[in-house]
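I have placed the structure first, in the form of structure tokens, so that the comments after it can refer back to it.
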Amino acid sequence: LAQSLLALFASSLAISLVFAIIPLCHNVVVLAVVMAVAGLAMGCIDTISNMQLVKIYQKDSAIFLLHFFVGFGALLSPLIADPFLSDTNCILSNGTANASSNLPHIRKSLVPHHPGNLSHYDLPMKGMVVTRVSYAFWIMALINLPVPIAVFFLLYKERMVPCFNGSSHPLLSADELALETRPGDKDELSTAAQRPHTAACHEDLFSCCQSKNFRGASYTYFAVHITGALVLFMTDGIVGEYSGFVYSYAVEEPLAVVHKVAGYLPSLFWGFITLGRLISIPVSYRMKPATMVFINVVGVLITFLLLLIFSSSVVFLFVGTASLGLFLSSTFPSMLAYTEDILQYQGCATTVLVTGAGIGEMVLQLLVGSIIHDRGSYSFLVCGMIFGCLAFTFYALLVFFHRMYPKPSPELDEASPDKAAVPEDTGQYQR
């Protein structure tokens with residue numbers, strides 16, 4: 001827990017620093033390095049927060065609430081940046097000041113199939129910069145700053161900061177309101193909190209990767225991890241590629257949507273992802289995670305099929321975008337809850353699933369972008385349909401391996417990966 005909280009503190013602080021530095025980067029290589037640091041920090045936060053929620057709270061973990069705030073942040077941050085974005089050309093030079101009025105026409109001409117139109121417009125590369133976008137980055141850096149402060153406060157209250165081991169009372173005792181502890185653990189809980197840095201009190205942050213945890217594991221144990229990660233590879237990849245390229249698809253023929261109107265499509269998509277994650281919080285109490293994943297995957301397939309059928313309808317593009325966001329919204333938390341439920345909430349599956357989702361979001365965007373460039377905008381929907389079919393196939397395989405996976409029993413050896421790992425001296429919670 002101490003290692004995880006320290007990693008969260010460092011990562012969240014790094015994000016504030018990165019956002020403050022980005023406007024000062026005047027070299028593309030420096031900007032690439034800074035953005036890489038931001039991506040590394042965000043990946044750490046995503047993985048650790050999911051893993052610790054699952055390991056500490058198990059079935060009571062607020063996974064759906066966590067991912068609601070992920071979607072809410074993705075919806076809110078563009079709205080914060082929007083007032084600082086320029087509607088004209090950001091660089092003005094002598095003789096080209098009037099070119100800013102032609103910006104909508106310039107944007108419309110910047111498509112792969114009409115390279116000849118670019119010669120009609122002179123885009124200045126040097127001159128006076130007239131953008132205020134730097135303020136957006138600095139505002140986001142300030143908004144994020146309370147997060148590392150809150151994590152540091154938690155470290156301090158849990159006496160996990162070496163220089164500040166004062167007489168503060170730990171916060172973990174409040175968890176007894178929501179969780180049941182093992183008999184006799186209440187005394188151990190306070191004792192363990194006073195010695196958080198001993199080796200016996202905390203598992204290693206990379207304990208999931210130790211080979212001893214895989215001894216005696218059946219092939220279904222690995223199959224559940226792999227198929228679960230592949231489902232999220234496809235679904236999170238769809239989220240990335242759809243939000244990234246739906247604008248480009250809308251402004252091209254045959255739809256030819258006005259640029260300003262097409263700009264609402266990514267916001268609509270993320271808005272319904274946020275709404276769907278909010279709805280999924282009460283729904284998750286009444287519906288099994290496996291059922292929710294099935295509805296999500298089938299809904300994505302049907303939506304892409306209808307988008308292909310009505311590919312010339314602008315109205316249905318907006319309806320389909322909202323529907324797709326709604327069905328994709330709870331796929332990640334539902335799959336996380338379903339897979340960890342199969343594997344008895346060890347937390348190791350969470351790391352695999354988050355990694356698979358991140359790789360999918362990266363790879364599928366790159367793949368779809370190159371296909372659209374070579375095959376045209378219609379391939380955008382075809383790729384989405386193919387990815388949806390693959391997601392459904394991997395989900396069917398996951399259900400198959402779930403049925404073959406051995407059910408846990410009290411007699412299983414403590415070191416076996418088929419049994420939930422419970423540390424001995426930490427006063428950790430157990431359902």
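The values are calculated or read from the model by the stated rules, or taken from the named source; none is laboratory data. None of these values were measured; they are calculated from a predicted model. Methodologically, a virtual Cβ is constructed for each residue, glycine included, from the backbone with ideal geometry; neighbour enumeration extends over all protein chains shown. Side chains are part of the model used for accessible areas, which takes the heavy atoms of the whole protein and leaves out ligands, DNA and RNA. Shrake-Rupley method; radii C 1.70, N 1.55, O 1.52, S 1.80 Å.
Taking all protein chains together, Asp374, Asp341, Asp236 sort by accessible area into Asp374, Asp341, Asp236, largest first [probe 1.4 Å]. Centre-to-centre, using Cα atoms only, segment 252-299 and segment 345-406 are separated by 16 Å. What does the net charge come to around Glu361 if you take all other residues with beta carbon closer than 9 Å to its beta carbon, with K and R at +1 and D and E at -1? Result for the neighbourhood of Glu361: -2.
Once all protein chains are placed together, Val257 keeps about 10 Å² accessible to a 1.4 angstrom probe. Going 7 Å from the Cα of Leu255 toward and past its Cβ, which residues in segment 299-318 have a backbone nitrogen under 15 Å from where you end up? Counting backbone N atoms under 15 Å from the label point, the list is 303-318. Computed extension gain for Tyr219 through Met42, at 0.36 nm per residue and net of the alpha carbon distance, reaches 60.5 nm.
With R₀ fixed at 45 Å, the C-beta to C-beta distance from Leu76 to Arg403 puts the FRET efficiency at about 0.65. Here segment 217-407 exposes an accessible surface that is 73 percent carbon and sulfur, computed with a 1.4 Å probe and the other protein chains kept in place. Taken along the Cα-to-beta-carbon direction at a fixed 7 Å, the label points for Ser313 and Cys389 span 2.3 nm. Farthest towards the positive end of the charge dipole of segment 217-407, among the residues Leu336, Ala250, Ser267, is the Cα of Leu336, using unit charges on the Cβ of Lys, Arg, Asp and Glu. In this simple spin-label model, placing a label point 7 Å from the Cα along the Cα-to-Cβ direction at both Val33 and Leu306 gives a separation of 5.0 nm.
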